[in-house]
């Protein structure tokens with residue numbers, strides 16, 4: 001009973017972050033179509049005249065892997081993708097986006113981020129690409145609550161440039177950083193991957209990451 | 001936000017560590033079978049994909065953004081904005097060398113493994129879905145593009161592509177699929193089991209499409225048309241008319257409705273087509289004939305072929321029994337005696353649409369494929385297909401002159417190379433508007 005409740009809460013927690021990002025211009029759906037797009041916070045002006053599409057079911061995993069630079073997906077990621085494949089859009093048309101698909105994208109983003117974090121945290125800081133300032137030393141390393149604003153800002157910026165092809169806005173930075181405040185001081189150094197997964201999943205799952 | 005959410009939902013009393021730990025592993029408990037929880041990297045997949053190192057303070061120019069748009073259009077995948085390939089493309093775009101910039105994108109494996117593969121998947125099955133399984137059709141299409149072959153050979157060649165265990169081993173890939181000619185001839189297992197392997201790396205061309213268990217080559221091959229999967233989709237049961245319909249649909253980009261023409265001679269319409277449906281010949285003359293006059297003329301190219309449920313059956317000099325089905329409906333109709341066919345789709349209605357360059361008659365599937373491949377309609381269709389894939393929409397009717405212009409270049413400047421075609425389409429102003 002508790003397990004199931006925790007599962008639901010965990011997913012909803014990530015969705016909350018995704019909603020924050022997509023509703024506060026984190027994920028402005030990259031404006032295509034010279035019209036307006038309805039979001040949870042109102043109408044967003046769409047300024048481009050190009051056609052809007054999102055990654056279809058065959059593109060979504062390779063694209064996430066390409067962004068993350070993780071190479072071959074883990075067996076868990078591949079298996080998850082195979083399971084959720086039918087949730088993703090076949091056409092990639094904007095009007096094919098629906099809630100189960102977004103949940104599937106969130107799940108897959110979490111898995112790819114998990115692969116990325118596992119790879120990165122095994123490396124020395126100087127060899128990493130994304131979490132270059134996260135100190136994972138067993139003695140002097142960061143715990144989730146001791147991550148400095150500079151460290152958070154650095155990996156948020158790097159993830160934004162990977163996934164959104166731009167720098168994050170001040171509002172987006174503020175939203176994510178404040179969301180990371182949920183990581184309290186009772187967490188230990190070994191939990192350091194949690195805020196990283198939290199941030200990475202939110203950024204990778206944002207619709208802007210998947211627009212074409 | 002999450003704290004507020006937890007308070008509202010009454011979960012605030014639980015340890016945050018618990019909640020976030022579950023967030024960390026939530027996927028393990030959703031949908032995944034327990035057997036899938038192994039954490040080792042599977043030794044397969046797309047092999048490509050460079051690793052971008054983000055440069056937090058670097059300026060992002062409009063040319064860099066344009067480079068990413070082109071790269072994404074060509075490959076179907078995104079890469080980080082600081083990727084070295086985008087920097088190279090940016091420099092070329094700044095010099096006005098957009099097509100050269102696009103060539104950097106077509107050099108990426110994803111162009112073959114994702115973009116071209118998805119285009120081929122849609123053409124390979126009756127539902128025209130991108131979720132169709134990997135097949136000999138898809139592998140052959142991808143392999144031919146990778147090897148920069150003349151696109152006409154896709155409808156005329158006697159070859160196919162399969163995964164090569166030697167190449168895979170050399171590339172450090174484990175788990176190469178078993179290669180047995182009879183498995184390839186009688187099932188899709190070789191391809192379906194290889195769905196996660198990089199086609200760019202692992203495909204090998206085999207000359208001679210297999211006709212029997214010994215691998216004897218099919219004597220009348222027509223490239224993709226005579227692949228197992230295309231035949232499985234369109235030559236199973238029926239009357240082989242579907243082979244004509246879908247050959248035109250996939251390689252000329254026209255539905256039967258688009259090219260029906262009731263003014264054409266109906267001398268080859270079979271005995272199974274009712275000439276007096278409803279008591280008179282009005283319906284036949286105005287409707288049925290519009291499709292059958294042309295389709296039945298071509299259908300005879302497939303007189304010797306059938307798909308028996310597992311493999312292609314080719315019976316040289318012996319017309320397949322399906323050509324005599326329902327032969328009492330109109331006994332005076334055409335009786336197919338061999339694989340000679342007539343092209344009746346060359347009347348005023350369709351001559352410009354197809355732009356035939358081959359004789360109005362032929363013999364067998366290879367001649368049929370040659371007729372299609374050498375037509376202007378085929379070149380235009382390839383442009384439309386590439387445009388639709390890369391530009392996220394099909395070209396509009398107003399853009400028909402653009403399609404024709406690019407098709408002319410496809411034939412004369414690009415020598416029927418789909419890779420060059422993709423580069424040209426990706427940087428065409430109508431595909432990805434600059435500043436869009």
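We did not get these values from a lab; they are worked out from the coordinates using the rules stated. Note that the coordinates shown come from a computational prediction; the quantities given were computed from them, not determined experimentally. Backbone-built Cβ (ideal geometry, glycine too); neighbour counts: all protein chains shown.
Based on the Cβ-Cβ distance of residue B:282 and residue B:192, what FRET efficiency does E = 1/(1 + (r/R0)^6) give at R0 = 41 Å, to the nearest 0.05?
That gives a FRET efficiency of 0.30.
What order do you get for B:64, B:404, B:115 when you list them from fewest to most C-beta neighbours inside 10 Å? Before the final figure, lay out each step's value.
Working: B:64 22, B:404 15, B:115 28.
Fewest-to-most ranking of B:64, B:404, B:115: B:404, B:64, B:115.
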Number of partner chain Cβ atoms within 10 Å, mean per residue of B:80-91: 3
Mind telling me which of B:390, B:372, B:59 comes out most flexible in a GNM of chain B, alpha-carbon contacts under 10 Å? B:59
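So how do A:111, B:411, B:399 line up by other beta-carbon neighbours within 10 Å, fewest first?
Working: A:111 26, B:411 16, B:399 19.
Fewest-to-most Cβ neighbours within 10 Å comes out as B:411, B:399, A:111.
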Out of all DSSP beta bridges with both ends in chain B, state the antiparallel percent to the nearest 5. 80
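Which of the three applies to the range B:249-394, rounded, prolate or oblate, going by the alpha-carbon gyration tensor with a ≥ b ≥ c and a/c under 1.5 meaning rounded? Don't jump to the answer; show the numbers that get you there.
Details: a/c = 1.85, a/b = 1.31, b/c = 1.42.
It comes out oblate by the Cα gyration axes.
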According to the square roots a ≥ b ≥ c of the eigenvalues of the Cα gyration tensor, what is the shape class of the range B:294-368, taking rounded for a/c under 1.5, prolate for a/b larger than b/c otherwise, and oblate for the remainder? oblate
Across B:93, B:60, B:402, the residue with the highest GNM fluctuation in chain B (Cα network, 10 Å cutoff) is B:60
Could you work out how much longer the chain between residue B:352 and residue B:257 gets when fully extended? Use 0.36 nm per residue separation minus the Cα distance between them, nm to one decimal. 32.6 nm
With a ≥ b ≥ c the root eigenvalues of the C-alpha gyration tensor of chain B, is it rounded (a/c under 1.5), prolate (a/b larger than b/c) or oblate? prolate
Take the range B:358-436, drop everything but the C-alpha atoms, weight them equally and run the Debye formula without solvent; then report log10 I(q)/I(0) at 0.24 Å⁻¹ to two decimals. -1.08
Given a 10 angstrom Cα cut-off, can you work out which residue in B:295, B:256, B:317 is the most mobile in a GNM of chain B? B:317
Between residue B:327 and residue A:122, Cβ-based FRET efficiency (R0 56 Å, step 0.05) works out to 0.20
Please list B:357-365, A:175-183 highest first by mean number of surrounding beta-carbon atoms within 10 Å per residue. A:175-183, B:357-365
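For residue B:360 and residue B:411, FRET efficiency with R0 = 25 Å and r from the beta-carbon atoms, rounded to 0.05? Before the final figure, lay out the partial values.
Numbers: r = 21 Å, r/R0 = 0.84.
Taking R0 as 25 Å, the efficiency between residue B:411 and residue B:360 is 0.75.
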Paramagnetic reach from residue B:337 (point 7 Å along Cα→Cβ, amide N under 15 Å) across the range B:253-275: B:268
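Counting other beta carbons within 10 Å of each residue's own, what order do A:198, B:368 fall into, fewest first?
A:198, B:368
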From DSSP H assignment alone, runs of 4+ in chain B each adding -39500 (n - 2.57), the sum over residues rounded to the nearest 500 puts [θ] at 222 nm at -11500 deg cm²/dmol
